[in-house]
Every structure is written in structure tokens, then in C-alpha cells.
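Structure first, then comments.
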Amino acid sequence: MSAPTVDVPDSPAELTRSPSLGEYFRSYVDRVRGGDIGSLPAIFGLVVLVIVFSLLRPVFFSAGNFANLLTQGAPITVIAMGLVFVLLLGEIDLSAGFTSGVCAAVLATLLTDWGWSWPLGVLVALAVGLLIGTTMGSLVARVGIPSFVVTLAAFLAFQGTVLLIIGEGGNVAIRDQTILAIENKNVPPVWGWILWAVSIGAFAALMLMQAQRRRAKGLAAEPMAVLAAKVGGLAVLTGIAVYVLNLERSRNALVISLKGIPWVVPIILVLLVVLSFVLGRTAYGRHVYATGGNAEAARRAGIKVANIRTSVFMVCSTMAAVGGIIAASRANSVDPNAGGSNTLLYAVGAAVIGGTSLFGGKGKVRDAIIGGAVIAVIDNGMGLLGYSAGIKFIVTGLVLLIAASVDALSRKRAHATGRA
Amino acid sequence: MTANATENGTPILQLRGINKSFGPVHVLKQVNFAAYPGQVTALVGDNGAGKSTLIKCIGGIHPIDSGEFLFEGKQVTVHGPRDASALGIEIVYQDLALCDNLDVVQNMFLGREQTTSIVLDEASMEERAAKTLKSLSVRTLRSTRQLVASLSGGQRQTVAIAKAVLWNSKVVILDEPTAALGVAQTEQVLALVRRLADQGLAVVLISHNLVDVFQVADRIAALYLGQLAAEVKAKDVRQPQVVELITTGRTEGVESELPTSVDEGVTA
Ligand SMILES: Nc1ncnc2c1ncn2[C@@H]1O[C@H](COP(=O)(O)OP(=O)(O)OP(=O)(O)O)[C@@H](O)[C@H]1O
Ligand SMILES: [Mg+2]
């Protein structure tokens, strides 16, 4: 029996034809209008905030403050990068803040009190994070306790753990030069430029190779102009950043010179590349998105949903450990409130403000970076304007609420236009 | 049925005495079912008769309580969806089971992504997906990279079917594949069902539309309240008889497999 005659496309290429520049742009606008807005509101907000703060306090727009912003935002950004994994499944980890605190406390104790070397200390701190994540993930995925409850319990318990390790009113100083360097030392300017050139070159090569491969198979590829614009735009923006960070920012350069990219920046970039690769380019990452989008469909596709669910908590807690180490480096010490106060809310806020959905299935690791930048800018800018911590908390809370509303509304809109 | 078995060769998929309960609800009772290579077996029955449950048992979604599962004459145990697809069984579920947040290609390869070392081979997957969609004469899809959330009911249906025929499977089971489709698309799916069987696959088609069933089916199995009422050749029965099998479990001129007192089974 032959297929009934209906207008069949001439070739499979019809489904996969490369769009022209105009078509590409139009389909992008279509997507945005359909509610697929990603990080757009956060980027827009970031630009507005930077302009407003720069006008009100010119010192905000200085090389010194730029470097400040980066080191200030680093710990919560790293924690947020891990939280993206958990949020992608529609779960939450309320303990991420204190998990970072516990790991930082472990690190500080090992380095300072026990005299361990930094690689061993870091390894153990990361292992503690991994263990915490595995335990919580198993309780959620295998026992079936809602993640809200598991991590809320852990939130309280870890707060106590930090207190026990450090001791009430205590404070363990970090003296290890390598750990301190993360947030307090800079990449030599020349190496900053080399790093920049290599990264941009690798990015351009990857994009080109991918497009070439798709064209060779007759599949739709991004127009060359878009590719060039992406690479060029990234090169210019990051180039400006490297240039500014390589300026002398010491008030008294003769006494101490202060220039270069803070070491924490390349660390975050490596984490960003690795985690983005895992989420975007591996079967595991695909399964994370699938489980977050429709767990039953994932199960029927043979995906071990419980393993995926456990794994995202492992990633999250391990990243929290990294965040804790960075925070310890920034503070030069670990106190009983490490990872407490606003850490968790800032981290969740960073992920959500950046465009990761609280409903699961939608989000990228880079959202955490963009959202983390927004939070750091608000915190830093309002500090410069002389507002008290109380006002800062209220404003950040409001921004988080706005981001969550944008998330909920864009989801509603996506439903209305059939894009879920 | 024994007479048929010799005539049709051996069934590729055979279930014997399958029982399945959800808690106190006994949904499948001693069900026998078979699918033959090169033939379309229609599975009919009223709402709640247990059709979807039966195929979910075949697909390893629900574990069976008791009964034999034979594939190519050998006894097998299917513990999960992976076991079923490893045997060569592909199922299009009634609720489709697609991920809205993934695109067409990503859905078609879900759980069986192609990779080069550990990196997803997007280009190859997209190429294969496009070929399969083309072979199904899919005409309304704008792009293989469209999110499934943005597809119409019929388009989603087609993607689910394409996902099932993408793999060189031996048995394809479709649970009400035409329920959401318009006239033209329904014709296409039925033509596809026939084409798959003609290629030598065993096809199982669940449908409430008896006109469709008679158009493509070689055999008809009727489920009545979780029991197999009869399994007959399509050319040996007429539509009213099948209607009677569906609604009462027995009909004039067809030997019913049900025990004499049907009502006994209803008490569950
Ligand atoms: N997961 C489950 N838990 C409990 N009961 C279930 C479950 N799945 C199905 N059932 C019950 O099993 C019976 C058979 O359901 P099933 O979905 O197999 O029917 P069906 O023949 O596919 O019906 P339809 O034509 O409406 O799709 C129904 O009474 C249903 O309520
Ligand atoms: Mg059904």
C-alpha cells in the first residue's frame, strides 16, 4: 500500500534548511515573544543597574570596583551554578549555603589546625560536599522525601555543624597562600591577555567546526554573520574587561601594585565551560533536561530517573563546596556564620534572576553568572550609596520576587502560545 | 487459536496467562496475546478494558504479576523500558510521553542518544531524524529543532510515531495513534501501519475506530474487562460482531475464550 498523496516536502533538507539572516532574526524574536526569554530580562536589568549606579556614584564605574564586584559575587555565583542543576529538575536545595559553610569549615580546620597541604584539604572539602549531596539526593530520589523538606532539615543541621566545627564565637583563619590567592591575587596582565586570546580562539574554532559539520550534512546552521557577530561581540566585551582589570587599581602603586584578572575569574570560567559542556553536550545533560521536563517520559525512554535526581544534588553540593572555599579565601577566615545569612537566597536568586525556571526543565549554567552579576551589582552599588544591610536585603528580596514573577509569567505566556 | 498458530508461523511476541493488579484492582486476568511478523494485530476493547495496561506491561513500564512473556519463542523477562527496546519492541504510548522542553530530534533520540566518545552527535541525530520524518511524509513540521511544546496534537503524535520507527525494531505497538489526528493524517498513519507490517514487522494497533481497524488489521484481539474475549482473523468477522465482543465479551459465531460466567470477573 502506498502513502496517500499529500504535499510532501521535496527533501529532508526542507526540515533542516539553513535560515537566512532575516529568518534567523525573526525566529529569535518569535521565540522571545512566545515566552522563551532566557537571560534577556537579567541582561537588561544589569545594564540599567550599572548605568544608574554609575550616574549616582561615579566610583562604581571604576576598575577597582569592577574587580571588587567579581570577587564579591564569586562565591554565590559558584553556588548558583550548582543550584541550576537542582532547579532544572524542579527541585530545590535550601542547604546549599550551609553546605558551603561546612565544607569551608572543614577546609579551614584541616589547613590551619591540622596543618594539611592545600590540595589535600581542598580534596577533602569537595568530598564532604559530594557526600552531603549524595545523601540528600538519595533521600529525595530513593526514599521519596520532598527536596524542600530534606534540604530544610539539612539547612538547620549544617548550621549546627559549622557552629560545632568552628566553635561558638570562634574563627579559624586561613593562612595558606594558595587558597588566599583565589580571591586576593591576580593573574599577571600578560597572562590575562594570553588567556583571553586562547579562550576566544577556541570558542571561535568550536563554533566554526560545528557549523561546518552541520553544513556538510546539509543541516541548518547559524548564518555566518551571526557566528561572526557572536565571536566578535564576545571578544570585544571580554577584551574590555581584561583591559580594565589590567589597569593599575592600587591607590599607591609604588607601595603595592594591584592589577590583573582576579584568579577566581579563570576558575569560574573553567567551571562554566565544564558544566555547560556536561549539560549541553552529553547524554547525561540531556537526561537532566528530560527528567525536569517530563519525568515519566524520561522513565519510559529508559532513563534511570532516580540516578539523575540523585546526581543533581551531588553536583549542587560539590559546587557549594567550591563556593565555600572561595568564600573562605575572600574572608581570609571561616566563622560560625559561614554560608549563612543571605548566601543561599542570593544563590537561588542568582540562578532564577539569570533565567533558570523554578518549575524545572529550563535553565543554563551561564544563567547563574548573569544572575550572580545582577546580585553583586545591587549589593555593591547600594553599599556604595550608603544604604544599610536592611535596605539591601529588602531590595534583593524584591528583585528575586520580580525574577520569579518573570519566570512564572513567561511560563504562562509560553503555555498560551503553546510553547510550555 | 492453535490452528491459526501453524498457519501464521510462530508469533514473535507471545504473552500467556498474564495477570496484573493495581492494589486491589485486578486489571488483567489470564490474558493471552500474540503478535505475528508481517501482520497488524488490532487490540480493541472498551475504555478501561486494560489495553494500555497490557502494552505497558509489554514495554516494561509495569511489572507483570504472573504469566509468561515469550519473544521469538524464548522466555524473557522485561524489567524496564530498556529491556523492551533491546528486544526490538517500540511503543507509542497513548499519552505520547514526550518532553515539552526538548525539541523534536532530542525527543526522538531520548535515552538512546548518539555520541562520538562522550559528546552528543547532534548533526547525525538530526540527519537521521529528518530522514525518518521524511519517510513518514511529515509535511507540517517547520523544523526538526522545534520544541515539542510548540507542536499541535497531530504533530506530536507524528513525532511519537517517528520515534518508534527510528529504531530498526521488530515489534511496533501503537496505542490509539490516530486519536488526535485529522482525516489526512489518520490515513497516513494507517498507511504507515500497513507499510511497517508489509516490511515484516509485527504491528499492534490499539484503536476505538473499527473502520480503521478493519482497514489495516489482519487479526483482531478483543479485551473485555481485563480478559481476552477472543482473538480472530479480521477477514473471519464483521464489524457488528467485534462491537458485540467489545461490549459483551462474546458474540454469535466466534468462540469466546472467556469462562462461562463472565460476571464473576467483574467483582474486582
Ligand atoms: N497506574 C494505575 N494505577 C491504578 N489503576 C490503574 C492504573 N493504570 C490503569 N489502571 C486501571 O486499569 C484499568 C484499565 O486501564 P487501561 O488504561 O489499561 O484501559 P484502556 O483499555 O487503555 O482504556 P482506554 O481505551 O480508555 O485507553 C482501568 O480501570 C484503570 O483505572
Ligand atoms: Mg488506553
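The values are calculated or read from the model by the stated rules, or taken from the named source; none is laboratory data. Being a predicted model, the structure only gives us computed values, none of them experimental. All Cβ positions, even for glycine, are placed from backbone atoms using ideal geometry, and neighbour counts span all protein chains on display.
If you go through the range A:334-351, how many residues are hydroxyl-bearing (Ser, Thr, Tyr) and on the phi > 0 side of the Ramachandran plot? Final tally of qualifying residues: 1.
Put simply, of B:Ile118, B:Ile91 the only residue that is within 16 Å of ligand 2 (Cβ to nearest atom) and either at pLDDT 90 or above or not assigned by TED's automatic domain parsing to the domain that holds B:Ala34 (or both) is B:Ile91. Listed by first and then second residue, the pairs linking a residue in the range B:19-36 that is at positive phi and in contact (Cβ under 8 Å) with a residue 60 or more places away in the chain to a residue that is assigned to a strand (DSSP E or B) and more than 15 Å from ligand 2 (Cβ to nearest atom), with Cβ atoms under 8 Å apart and 6 or more places separating them unless they lie on different chains, are B:Gln30/B:Gly17; B:Gln30/B:Ile18; B:Gln30/B:Asn19; B:Gln30/B:Gly67; B:Gln30/B:Gln227; B:Gln30/B:Leu228.
The listed residues are A:Thr318, A:Thr356, and the only one of them that is buried (at least 21 other Cβ atoms within 10 Å of the Cβ), modelled with pLDDT of 90 or more, of a type outside the set (Phe, Trp, Tyr) and not in a helix (DSSP H, G or I) turns out to be A:Thr356.
When the test is whether a residue is surrounded by 20 or more Cβ atoms within 10 Å (Cβ to Cβ) and at the interface with chain A (Cβ under 9 Å from one of its Cβ atoms), B:Leu54 does not pass it. Taking the criterion of being away from ligand 1 (no atom under 16 Å from the Cβ) and at the interface with chain A (Cβ under 9 Å from one of its Cβ atoms), the residues of the range B:87-103 that qualify are B:Leu98, B:Cys99, B:Asp100, B:Asn101, B:Leu102.
Here the range B:108-121 is the region considered, the condition is being facing chain A (nearest Cβ under 8 Å) and not in a loop (DSSP other than H, G, I, E, B), and the residue that is farthest from A:Leu279 (Cα to Cα) is B:Thr115. Just one of the listed residues (B:Gly38, B:Gly17, B:Gly45) is within 16 Å of ligand 1 (Cβ to nearest atom), assigned by TED's automatic domain parsing to the domain that holds B:Leu223 and at pLDDT 90 or above, and it is B:Gly45. Suppose the filter is more than 14 Å from chain B (Cβ to nearest Cβ), closer than 21 Å to A:Asn68 by Cβ, touching a Ser or Thr at 6+ places or on another chain (Cβ under 8 Å) and surrounded by 19 or more Cβ atoms within 10 Å (Cβ to Cβ); does A:Ile375 pass it? Here the answer is yes, as A:Ile375 does meet what is asked. Would you mind stating whether A:Ala228 is within 14 Å of chain B (Cβ to nearest Cβ) and more than 29 Å from A:Gly82 (Cα to Cα)? Taking the combined requirement at face value, the residue does not satisfy it. The condition (being buried (at least 17 other Cβ atoms within 10 Å of the Cβ), in contact (Cβ under 8 Å) with a residue 40 or more places away in the chain and closer than 30 Å to B:Glu127 by Cβ) is satisfied by just one residue among A:Ala211, A:Ala204, A:Ala220: A:Ala220.
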